[in-house]
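Please read the structure below before turning to the comments.
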Amino acid sequence: MIKLAFQRFLGPVAANLLAVVAFVVAVGTGWRWVTLALVAATLAVNVMYREGVALGRYLVSRALVAGGVLAAFIRFLPDEVDWAFNASAALTLGYISMETVLNKVSSLPMDSRHLRVPHRPASWLINQTSVFYADCALIALFAVAPLIELQSWTVLICVIAVGVLHGLLVLESIYTKTHRRAGRDDITAGLTRYKPDFLIHWDAAPASMRQVLMWLPYLERVGARFAIVVRRRNCVDPMAAVTNRPVVLATSLQDIDAAAVPSLKAVFYVNNGMRNAHIVRFAEITHIQLLHGDSEKSTSANPITAMFDQVWVAGQAGIDRYAQNGVDIPAEKFRIVGRPQVETVKVVRTPINQVKNKVVLYAPTWVGTYGDTKNCSLEVGHKIIAALLARPDVTVYMRHHQLTTNDARSAAQLAELEKMLAKDRATTGRKHLWGDATAKGDFVDWANKADAMVADVSSVVSDFLYSEKPFAVTDMLDEGDQMEVSARIFGAAYQLRRNMSNAEEVIAQLLGDDPKAEIRQRVKTYYLGDFPSTRYADGFIEEARRALDRPTMGEVLGGATPHPSKPLMDIKGRDEEDEALEGYGPAYVISQRSSVENDEFSTAN
């Protein structure tokens with residue numbers, strides 16, 4: 001996880017800083033060994049902390065280092081013009097500057113797993129990663145050459161060899177696209193033969209795969225055929241490893257068109273990613289937004305949700321939340337389906353003050369992207385942990401959000417909390433758990449092991465509510481009394497102030513008399529629906545079957561070829577990268593569907 005944080009933030013910063021220092025030392029001094037060390041450090045960051053596709057990654061840092069070592073190499077040359085060096089320098093800088101273009105040219109076409117289409121892996125030797133390593137090796141070669149007195153003609157031969165590798169990558173890509181991998185027509189044919197009733201559309205990083213995983217067991221129980229469409233290449237194999245359903249990679253608008261086969265009746269979505277709009281264009285199928293958790297975060301009342309045909313929520317609270325936040329969605333779009341993931345949560349009504357040795361789950365969320373979603377309590381987590389450890393009858397299980405360590409500051413704060421727990425465990429023998437130990441399993445597993453919970457505003461709060469066990473919520477937005485007014489679930493929780501000045505008092509109530517036990521029982525139905533506990537998930541499964549009890553897209557079109565009812569924008573050839581669409585906001589997406597569906601949608605706020 002620390003590595004992931006380095007990739008996202010520290011990696012680029014470290015690579016660029018090292019590159020600047022290497023450039024200054026290489027150009028301004030004759031310190032060859034120092035230059036070599038700095039070049040090696042910069043390239044090590046490039047190689048070790050790249051994420052996904054390598055070509056074009058850390059491009060600025062490598063261009064700086066290359067410029068520096070080439071300038072240093074000049075000191076090693078005789079005074080007369082050295083054409084071999086000039087050619088080597090020009091080609092090397094050209095290779096690096098063209099990496100982004102080469103990345104585009106050599107990107108593999110539409111791909112799939114678990115689908116009966118021609119599929120053979122691309123070359124293990126000639127690929128984007130090997131070309132990236134070769135480019136890095138060239139930079140290192142220019143740094144080493146003066147030290148070992150390598151002649152410029154020898155360097156030029158190496159540079160030409162790398163150029164051949166670049167050319168082979170282009171040829172390999174052309175061959176792969178035309179012969180070795182399934183093309184769009186093959187995948188369309190494979191999906192047509194498979195006849196999926198619905199698709200799951202997912203666009204997020206591999207670290208967020210739980211957005212899909214939490215729904216898979218219940219969509220499997222629907223008893224219909226489905227395929228999973230992912231939008232990022234580095235998600236294909238991780239997704240294919242956890243399901244035997246077809247997984248289809250669709251990176252462009254034209255890929256999405258190829259995946260829209262006549263048998264489809266619906267598409268399920270698990271987040272509000274912008275590229276959902278690429279397939280929402282097909283008005284002949286039902287578009288259903290599930291999201292990936294029920295919480296009082298602002299993301300659970302996003303105006304973009306209005307563009308879907310149906311919005312499935314756990315309980316009435318999910319419907320009211322949109323109206324309370326000024327988001328106008330017609331009532332007929334909503335379906336109350338419960339939160340099937342909590343079907344295995346154990347309901348416990350034993351008073352907590354009768355539990356001798358209590359386990360408290362501390363579940364902080366991640367830092368968030370926007371101001372109104374910054375609910376993370378890690379900055380004051382030491383006060384929460386200290387208040388819990390002050391009670392000798394408490395064992396703490398800390399389970400952090402999977403995105404926590406993407407943020408360097410949060411990662412450091414988390415590490416300090418882990419040290420606190422480790423120190424207390426060594427001193428008292430209490431079996432606290434954290435880190436990898438609590439990352440295993442679903443949240444439900446840890447909710448069942450805990451007697452109480454301290455959490456931030458997130459979906460784990462409503463999930464834990466099902467157990468009817470006591471919980472406290474942090475007020476990191478400093479709402480005070482308004483917090484309880486804004487959402488009924490906070491009235492069922494013990495509220496920790498942002499500065500944790502009431503931590504001792506709240507923990508005493510949480511683990512003592514627990515005066516809010518009856519309130520939790522009443523609020524539970526409002527948030528999680530009124531479904532029998534013995535078959536709680538059936539509400540979701542039955543609603544899914546009703547959604548699929550409709551004509552297929554092919555039947556709606558009367559045998560015509562499926563096509564978007566109205567394109568979102570005029571993309572020449574419909575084969576350009578989908579980044580072109582990113583400049584169009586939610587209002588444009590919704591307005592396009594408005595003209596198709598009798599102005600059912602209003603423009604987004």
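Side notes on the structure shown:
- Helices (runs of 4 or more DSSP H) contained in the range 1-63 and holding at least 3 residues modelled with pLDDT of 85 or more and not β-branched (Val, Ile, Thr): 11-28, 32-48
- Unmet criterion (only one of (1) part of a helix (DSSP H, G or I); (2) without any contact (Cβ under 8 Å) to a residue 40 or more places away in the chain; (3) not acidic (Asp, Glu)) for LEU150: (1)
- Among the residues making up the range 381-403, those that are within 17 Å of LEU433 (Cα to Cα) and in a helix (DSSP H, G or I) are GLY381, HIS382, ILE384, ILE385, ALA386, ALA387, LEU388, LEU389.
- Tabulated pairs, the range 70-93, first β-branched (Val, Ile, Thr), second modelled with pLDDT of 80 or more, C-beta under 7 angstrom, 6+ apart or interchain: THR92/ALA66; THR92/LEU138; THR92/VAL159
- Residue, farthest from MET553 (Cα to Cα), within the range 212-227, restricted to residues that are within 16 Å of the chain's Cα centre (by Cα) and surrounded by 19 or more Cβ atoms within 10 Å (Cβ to Cβ): MET214
- First in the range 215-226 and in contact (Cβ under 8 Å) with a residue 40 or more places away in the chain, second anywhere and of a type in the set (Val, Ile, Thr) and in a helix (DSSP H, G or I), Cβ under 8 Å, 6 or more apart: TYR218/ILE541; ARG221/ILE541; VAL222/ILE541
- Of the helices (runs of 4 or more DSSP H) lying entirely inside the range 233-296, those carrying at least 3 residues that are surrounded by fewer than 23 Cβ atoms within 10 Å (Cβ to Cβ) are 236-240, 253-259.
- Set ALA426, ALA439: member being open to solvent by 40 Å² or more (accessible area, probe 1.4 Å) and at pLDDT below 95: ALA439
- When residues in the range 297-315 are screened for being in a loop (DSSP other than H, G, I, E, B) and farther than 27 Å from MET110 by Cβ, 4 of them pass.
- Restricting attention to the range 485-527, the residues that are open to solvent by 90 Å² or more (accessible area, probe 1.4 Å) and in contact with a Phe, Trp or Tyr (Cβ under 8 Å, 6 or more places away or on another chain) add up to 1.
- Flag for ILE288 being closer than 25 Å to ASP549 by Cα and either out of contact with any Lys or Arg (no Cβ under 6 Å at 6 or more places or on another chain) or free of Cβ contacts under 8 Å to residues at least 24 places away in the same chain (or both): yes
Conditions tested, residue by residue: (1) within 17 Å of TRP446 (Cα to Cα); (2) more than 23 Å from the chain's Cα centre (by Cα).
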residue: PRO340; (1), (2): yes, no
residue: LYS358; (1), (2): yes, yes
residue: TYR362; (1), (2): yes, no
residue: ALA422; (1), (2): no, yes
residue: GLY429; (1), (2): no, yes
residue: TRP434; (1), (2): yes, no
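- Of all the criteria given as (1) closer than 28 Å to ALA439 by Cβ; (2) of a type in the set (Lys, Arg); (3) modelled with pLDDT of 95 or more, the one not satisfied by LYS374 is (3).
- Residue within the range 305-317 that is open to solvent by less than 20 Å² (accessible area, probe 1.4 Å), over 24 Å from the mean Cα position of the chain (by Cα) and within 30 Å of ALA408 (Cα to Cα) present: no
- Search result, residues across the range 325-368 that are closer than 21 Å to LEU290 by Cα and loosely packed, with under 12 Cβ neighbours inside 10 Å: GLY326, ASP328, PRO330, ALA331, GLU332
- Yes/no for LYS419 being farther than 28 Å from LYS516 by Cβ, of a type in the set (Lys, Arg) and out of contact with any helix residue (DSSP H, G or I) (no Cβ under 6 Å at 6 or more places or on another chain): yes
- Some residue of the range 190-205 being in a helix (DSSP H, G or I), at pLDDT 90 or above and among the basic types (Lys, Arg): yes
The values are calculated or read from the model by the stated rules, or taken from the named source; none is laboratory data. All values reported here derive from a predicted model rather than from experimental measurement. Counting neighbours? That spans all protein chains shown, and the Cβs are built from the backbone with ideal geometry, glycine included. Ligands, DNA and RNA are stripped out before the accessible areas are found, and what is left, the full protein with its side chains, is counted by its heavy atoms. Shrake-Rupley method; radii C 1.70, N 1.55, O 1.52, S 1.80 Å.
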